[in-house]
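Let me begin by presenting the structure, written as structure tokens, before commenting on it.
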Amino acid sequence: MVTLKIVVALGAGALAVALSGCSDTGDTHGSDGVLTSEYSNGYLGSPIDAVLQADGGYLAQEQAIYDFRKSCMTDAGFKFNASRPSLNNLNEDRSPRVTPLSLDNARSDGFRSLITPSADDSRTQTTESAEYFANLQRCTVASPAYHATQSDEFIALQKKFYEQLYDFEARYSAGADLAVINKDWRSCTSNAGYEGDTPAAVLERYNVLDPALPVTETERAAAITYASCLDSVGYIKREATLRMALEAEFVTENEQLISEMLAARYDK
């Protein structure tokens, strides 16, 4: 069984999660890993994600799948341009829990700075043919490292883990501590004449998704309210701090299940 230790350090502007893993037979799963996250950009360094992607397991496995897939695709005559997984790009496509927006951007461009083009390299193929994606699937499934993610034991444990995680998410969303933060948010936005119980709800209601449309004063005013309330309420930092603490509790409460799941995936 893999033994997990999670240490959470909250700083003024940054978050550090240190993890180490070792089996009860003395085998190690790589050196301690440190994941950092700046509160200012809205991204949360997640204890749950950190544990699931502990050093020596997840990254090495993803790199092995990538290397086999690229070689396989090249042999099949396809150009494969996706970036190799690394500590730097592992989560670069992940959206922030709370979408940040600076006051300067809100004043100049409304919500437009939030509209970004897709950076998915696999979709930049010149043909995007069914043949390309069929071969990509074939090469992925053929990777020996991919097989470890498909064992009956791992899938069964993963199912149990996500049942616990979905329950955690429901309790987190309905929790009293998050309700306090959202109450402050509603007070700020409603005083300015805007509706939305959360930042996500305000974006859904007022954000303009078509970049071809001109920025209107209505959009600009809504964006300024959104950015101003994020700042005055301290929403991103408060929500991230709360989420971090509760995720760390979740990891501790489910340590045995997580350990067994990681062992089923990595101890081969």
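The values are calculated or read from the model by the stated rules, or taken from the named source; none is laboratory data. This structure is a prediction, so every number in the text was calculated from the model and none was measured. Quick reminder, even Gly has a Cβ in these numbers, built from the backbone with ideal geometry, and neighbours come from all protein chains shown. The accessibility values were calculated without ligands, DNA or RNA, using every heavy atom of the protein model including side chains. Shrake-Rupley method; radii C 1.70, N 1.55, O 1.52, S 1.80 Å.
Of all the listed residues (Arg84, Arg97, Arg123), the sole one being touching a Lys or Arg at 6+ places or on another chain (Cβ under 9 Å), open to solvent by 30 Å² or more (accessible area, probe 1.4 Å) and modelled with pLDDT under 90 is Arg97. Taking the criterion of being β-branched (Val, Ile, Thr) and more than 21 Å from Glu219 (Cβ to Cβ), the residues of segment 163-205 that qualify are Val180, Ile181.
Only one residue in Ser228, Ser190 is modelled with pLDDT of 95 or more and either outside any helix (DSSP H, G or I) or surrounded by fewer than 15 Cβ atoms within 10 Å (Cβ to Cβ) (or both). Which one?
On the way: Ser228 fails: either outside any helix (DSSP H, G or I) or surrounded by fewer than 15 Cβ atoms within 10 Å (Cβ to Cβ) (or both).
Of Ser228, Ser190, the one residue that is modelled with pLDDT of 95 or more and either outside any helix (DSSP H, G or I) or surrounded by fewer than 15 Cβ atoms within 10 Å (Cβ to Cβ) (or both) is Ser190.
What are the residues in segment 174-187 that are assigned to a helix (DSSP H, G or I) and open to solvent by less than 70 Å² (accessible area, probe 1.4 Å), if any? The answer is Leu178, Ala179, Ile181, Asn182, Asp184, Trp185, Ser187. For segment 100-120, filtered to residues that are among the charged types (D, E, K, R) and modelled with pLDDT of 70 or more, the residue that is least open to solvent (accessible area, probe 1.4 Å) is Arg112. Just one of the listed residues (Arg171, Arg205) is without any contact (Cβ under 8 Å) to a residue 60 or more places away in the chain, open to solvent by 50 Å² or more (accessible area, probe 1.4 Å), of a type in the set (Lys, Arg) and closer than 22 Å to Asp104 by Cα, namely Arg205. Which one is most open to solvent (accessible area, probe 1.4 Å) among residues in segment 208-225 that are touching a residue at least 40 places away in the same chain (Cβ under 8 Å) and either charged (D, E, K, R) or farther than 21 Å from Asp104 by Cβ (or both)? Per the criteria, the residue is Leu209. Total residues in segment 126-139 satisfying the condition of being modelled with pLDDT of 85 or more and open to solvent by 50 Å² or more (accessible area, probe 1.4 Å): the figure is 6.
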